[in-house]
1. Can you give the charge dipole size of the range 128-353 about its Cα centre, rounded to the nearest 20 debye, using +1 on the beta carbon of Lys and Arg and -1 on the beta carbon of Asp and Glu?
2. Which percent of the accessible area of the chain is formed by carbon and sulfur heavy atoms (probe 1.4 angstrom)?
3. In terms of Cα to Cα distance under 19 Å, which lysines are near enough to K166, apart from those fewer than 8 places away along the same chain?
4. Most fluctuating residue of A109, A302, A323 in a GNM of the chain with Cα springs under 10 Å: which is it?
5. Using a 1.4 angstrom probe and counting only protein chains, how large is the accessible area of L338 in Å², to 10?
6. Which one, A239, A105, A290, has the greatest fluctuation when you compute a Gaussian network model over the chain with C-alpha springs under 10 angstrom?
7. Say we join alpha carbon atoms closer than 10 Å with springs in a Gaussian network model of the chain; which of G293, G266, G165 then has the biggest fluctuation?
8. Between the range 82-149 and the range 24-66, what is the C-alpha centre distance in whole Å?
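The values are calculated or read from the model by the stated rules, or taken from the named source; none is laboratory data. Everything numeric here is computed off the predicted structure, so don't read it as measured data. Counting neighbours? That spans all protein chains shown, and the Cβs are built from the backbone with ideal geometry, glycine included. Remember, those area values only see protein heavy atoms, side chains included, never the ligands or the DNA or RNA. Shrake-Rupley method; radii C 1.70, N 1.55, O 1.52, S 1.80 Å.
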Amino acid sequence: MADMSEVQPAGIDPAVVDFRAVAAWMDGHDLPGGAIEAVTPLGGGTQNVMLHFRRGGRDYVLRRGPKHLRPKSNEVIGREARLLGALTGTSVPAPRVIAACTDDAVIGAVFYLMEPVDGFNPQNELPPAYQADAGFRREMGLSAVEAIARLGALDYQALGLADYGKPDGFLERQVPRWLAELESYNGFEGYPGPDIPGLDTIADWLERNRPAQWRPGIMHGDCHLANIMFRYDAPRVAALVDWEMSTIGDPLLDLGWQIATRPEPGMTLSALLGPLGAADGLPTPREMVAHYGRFTDRDLGAVTWYTVLACFKLGIVLEGTHARAIAGKAPKQTGDFLHAITLELFQRAHKLVD
């Protein structure tokens, strides 16, 4: 049983994670007991809460929604845990779930425990070997492509994920779905509406050039390099992380996403990846497409369309933070920064269309 003399770890708000409740819940799931030790917040490209801790000789990472839950935060965390559980034992590098709590009454939010990933996030650091060797950076980029290709090649129905998304009409829904999302930002006080040159042009091009044939599969949904952890000892993916946008859709959008978010020196977007964004050596889009083709039998003839869709969709997602910042619901500096990236993404889309 949990030792109720345990104190809440210093610096951890019990309204976010009540570790007394976590300990009692763990005891009920036959996980190792003892004091909660070495609690450390983990950063990265996520608005969710992640805490590393140790108990009973075992290390854990606890993941839950943000302190102020959004309407679907609990649903998203529950979906993540389900998907990661399904990926256990496959060729896709992903965190391994130890146990999940879908009862939000335990700590006020749905959460799950997973094994820590031995690796680094390039948004936070770039080890010396990667800084010194462009070959390392090229191989890390190709490994990221391989990871999403392997993900898209899985039989999602055999993994028990037939109801994880709504693949019927997936591509047809994309443009109207994200235009409606953009329109919803007008509800933020003070937001004057999107100032995105060529928005309608890109939307129209996407509708007119949509692929007629495609095959459903598992999508990560937000697979830029800041949402991937890499090994220290070799330029290989340690785990795809941050699965909030995962679904059953067209996996080629993940490939387009990686191409669209490929950092290039001088771009605002590159600042998201610190020293990696300022370096060269990552594979070219042509190399990325060729490498993806080694792990799939999908038709890659419309990769440009998927890349333009990725620019369109991600640009609109980031514009949401800009709108919230204008309304005082997010830092102004962050909103301005992400708006600049939105403009870059649409500029990249226009170049591809031209």
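1. Once rounded to the nearest 20, the dipole reads 280 debye.
2. 51 percent
3. Answer for K166, where 19 Å is the Cα cut-off: K72, K313, listed by chain and number.
4. So, out of A109, A302, A323, the one fluctuating most is A302.
5. L338 has an accessible surface of roughly 20 Å² with all protein chains in place.
6. Per the Cα network of the chain with a 10 Å cutoff, A105 tops the list.
7. Most flexible of the set in this elastic network: G266.
8. 16 Å
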